[in-house]
1. Would you tally the residues in segment A:43-79 being within 11 Å of chain B (Cβ to nearest Cβ), under 17 Å from the mean Cα position of the chain (by Cα) and not hydrophobic (A, V, I, L, M, F, W, C)?
2. What are the residues in segment A:100-119 that are more than 19 Å from B:LYS92 (Cα to Cα) and either within 8 Å of another protein chain (Cβ to nearest Cβ) or crowded, with 19+ Cβ neighbours inside 10 Å (or both), if any?
3. Does A:LEU85 satisfy the condition of being within 10 Å of another protein chain (Cβ to nearest Cβ) and closer than 17 Å to B:ASP55 by Cβ?
Amino acid sequence: MNYKKNRLQEIIASAVGETFEEMAFLEVCQVEDPDELMDEESLLRASLLVHDPFPGELCLVAPRSLMADVAMGLFSLEKENIDDLTLFDLLAELLNTIAGKIMNQITPQDATFRLGLPETGVESLADAGAQTVEFYFDGDEKVFSVAASGDAFIAQAEFC
Amino acid sequence: MKRVLIVDDSNTARMVVKRCLEIAGFMDATFLEAANGKEALTLLKQERADLVVTDLNMPVMDGETFLKWVKGSPKTHDIPVVMISSARNPAKEKQVLDMGALAVLGKPVSPEMLRESIGDLVETEDPWAQGMAVEDEKEESE
């Protein structure tokens, strides 16, 4: 793994950890080999475009059961009363906050950055040919991933 | 009892702000909610609010336009408005502060961040603090 990916990994891991702890009261840690843990769950997906100053995309993919657990705690709801709308709204807001934290790290202090509105349940919004890096995390023994794509966006991590 | 209007297109974000406000001292407040600036303006025509906490980036009517309407109306211009954003734009932040916003906070908000920006409102909400203030006044007058 090169320096660029290490730095980006550090920034994303920090943003993900803080966001889940502050919003979902859940401690998460990074995992290296998640294959066996991610394939049995139905996965929910949210994507968000970074418009300025470095175009790119961020995606959060998480198991339905993890989002349901977080929603139960946050909204004080029973599991059977949690609908898809709530789960996707939660996923989108988590991604929105993670994106804000990442951009705060990689954008110069006095510079402007602009994010799109999160979209849920969609395929990747970015150019299919763009460079992509993906990192996996464990929250309450459930694995989820955060991916970043876009050449300019990923390259910025080298200089921040 | 304080009445707080929370404006955000995300139900999750509204809940997070509500929890933070409760921890920051608004435990007994009545919370009103709206999904965008337009809904919030409609609500403010019918309901009183002592504080507004609004997202900046929303569909239908964004936080900046909503703030402009709130500060432009004699009925609502005194209501403190705290803006929240996941993006960063120093020029826009200065602009909304010049327009009369009390503070601009980054997401996710925390009770500490809110307490720092709306400390005066929180103090009058705390019954213990109110009780102490009354005791102090009594001692001073004696």
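What follows draws every value from the coordinates through simple rules; no lab data is involved. Keep in mind that this is a model prediction, so the values were computed, not measured. Positions of Cβ are generated from backbone atoms using ideal geometry, with glycine treated the same way; all protein chains shown enter the neighbour counts.
1. Summing the residues that are within 11 Å of chain B (Cβ to nearest Cβ), under 17 Å from the mean Cα position of the chain (by Cα) and not hydrophobic (A, V, I, L, M, F, W, C) in segment A:43-79 gives 1.
2. Of everything in segment A:100-119, those that are more than 19 Å from B:LYS92 (Cα to Cα) and either within 8 Å of another protein chain (Cβ to nearest Cβ) or crowded, with 19+ Cβ neighbours inside 10 Å (or both) turn out to be A:ILE102, A:ILE106, A:PRO118.
3. Details: within 10 Å of another protein chain (Cβ to nearest Cβ): yes; closer than 17 Å to B:ASP55 by Cβ: no.
It is false that A:LEU85 is within 10 Å of another protein chain (Cβ to nearest Cβ) and closer than 17 Å to B:ASP55 by Cβ.
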